[in-house]
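Trainee: Quick one: structure below, then a few questions.
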Amino acid sequence: MRLTPGGVRELHWHQQAEWAYMILGKARITAVDQDGRNFIADVEEGDIWYFPPGIPHSIQGLEEGCEFLLVFDDGKFSDLNTISISDWFAHTPKEVLAKNFGIVQNIFRNIPTKQLYIFQEKVPESLGSQKVDDPYGSVPNSFAYKLLAQKPIVTPGGTVRIVDSTNFPISKTVAAALVEIKPGGMREMHWHPNNDEWQYYLTGTGRMTVFGGSGNARTFNYRAGDVGYVPFAFGHYIENIGETSLWFLEIFKSSRFQDVSLNQWMALTPHELVKENLNVGNDLIEKLRKQKWPEV
């Protein structure tokens, strides 16, 4: 989704959890939780937000506008089920609105006649000027997280930043990793033991091969804006086939990020068993012995 400077994704909520990654620009997000505690924050490139199901929220583009990736924790998600404040008001009798708010009916004479979805307004003032005093206080767990501020796990072929409920507690149903593969590098052969993997490619060009057993494998090329998918527990690897770093997101419907490295599995299995199973010599075993694993 893209928003112009001042463009507003109106007040709304979903039946599913919403997870988002800021690709470009800046935005202001607002929300109120089930206990009446509010949240107002500015987010920028590399930031994440997460709104649990049913939590009302809004998004507004700031000075240069913004672009962000929206992810929902249900593959059957439909925006037709999104509930917008303008749509609800448009389909509620004005006398009912007046009764609900305890004011005269005439106040509602100019309300929208249909859902606005996205509408244009001026760029809002500073964050401090828009703070709303809340007698219940602010939300206990932030709805936003600065992923790029996280110290990355550094490997010989790139970097990775992981965000899940361990460091972003509100995110109960979506876990993710921001992966960088340097030119000529490879995201090693691995699989995920907890759920399917969805990918969104941010920059660069890559190639992924997915292995599903019984000799079945498929290879695909990817570039910025493409979506990749790996079924639960299928083995796969991703190569950078371009001249610049390949950046992409790995996203899971899970509270925790989990993966199993083929290299690590083999290194931690009795070496004679590995040699006999694969009919390989000592060179591979010695390489596995010397393998150093990044600190997580």
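Every read-out reported here was derived from the displayed coordinates using simple, explicitly stated rules and does not represent laboratory data. Model, not experiment: these values are computed from the prediction. All Cβ positions, even for glycine, are placed from backbone atoms using ideal geometry, and neighbour counts span all protein chains on display.
Trainee: What is the calculated FRET efficiency for Glu95 to Asn195, with r their C-beta to C-beta distance and R₀ = 51 Å, to the nearest 0.05?
Mentor: With R0 = 51 Å, the Cβ-Cβ based efficiency is 0.55.
Trainee: Also, quick follow-up: Could you calculate the contour length gain from Lys287 to Thr219, that is, 0.36 nm times the residue separation minus the distance between their Cα atoms, to one decimal place in nm?
Mentor: Between Lys287 and Thr219, full extension yields 21.8 nm more.
Trainee: When the Cα centres of the stretch 241-296 and the stretch 31-59 are compared, how far apart do they sit, in Å?
Mentor: 37
Trainee: For a 31 Å ceiling on Cα separation, which of these pairs sit above it: Lys122/Lys151; Lys26/Lys94; Lys146/Lys253; Lys76/Lys151?
Mentor: In this structure, Lys122/Lys151; Lys26/Lys94; Lys76/Lys151 lie more than 31 Å apart at Cα.
Trainee: Can I ask one more? Mean 1/r over all different Cα pairs, inverted: what Kirkwood radius does the stretch 10-62 give, in Å?
Mentor: It is 11.3 Å.
Trainee: Moving on. Counting other C-beta atoms within 10 Å, and keeping those with at most 12, which DSSP coil trypsin sites (Lys or Arg not before Pro) do you find in the stretch 24-94?
Mentor: Lys76
Trainee: Can you put Met22, Met208, Met1 in order, fewest other beta carbons within 10 Å first?
Mentor: Met1, Met208, Met22
Trainee: Let me ask something additional. What's the local net charge at Arg207, with K and R +1, D and E -1, over the other residues with C-beta under 13 Å away?
Mentor: Once positives and negatives cancel, what remains is +1.
Trainee: Can you figure out the FRET efficiency of Gln120 with Lys76, using R₀ = 22 Å and their beta-carbon distance, to the nearest 0.05?
Mentor: In this case the efficiency is close to 0.10.
Trainee: Can I ask one more? Once you sort the root eigenvalues of the Cα gyration tensor of the stretch 150-258 as a ≥ b ≥ c, which label holds: rounded (a/c under 1.5), prolate (a/b larger than b/c) or oblate (the other case)?
Mentor: Taking the square roots of the gyration eigenvalues as a ≥ b ≥ c, the stretch 150-258 is oblate.
Trainee: State, in angstrom, two size descriptors of the chain derived from its alpha carbons: Rg to one decimal place and Dmax to the nearest whole number.
Mentor: That works out to 23.4, 85 Å for Rg and Dmax.
Trainee: OK, next. Could you list log10 I(q)/I(0) for the stretch 2-144 at q = 0.10, 0.11, 0.17, 0.18 Å⁻¹, which the Debye formula gives when each Cα is one point scatterer?
Mentor: -0.37, -0.45, -1.07, -1.18
Trainee: Val227 to Thr166: extension gain in nm, 0.36 nm per residue of separation minus the Cα-Cα distance?
Mentor: 19.4 nm
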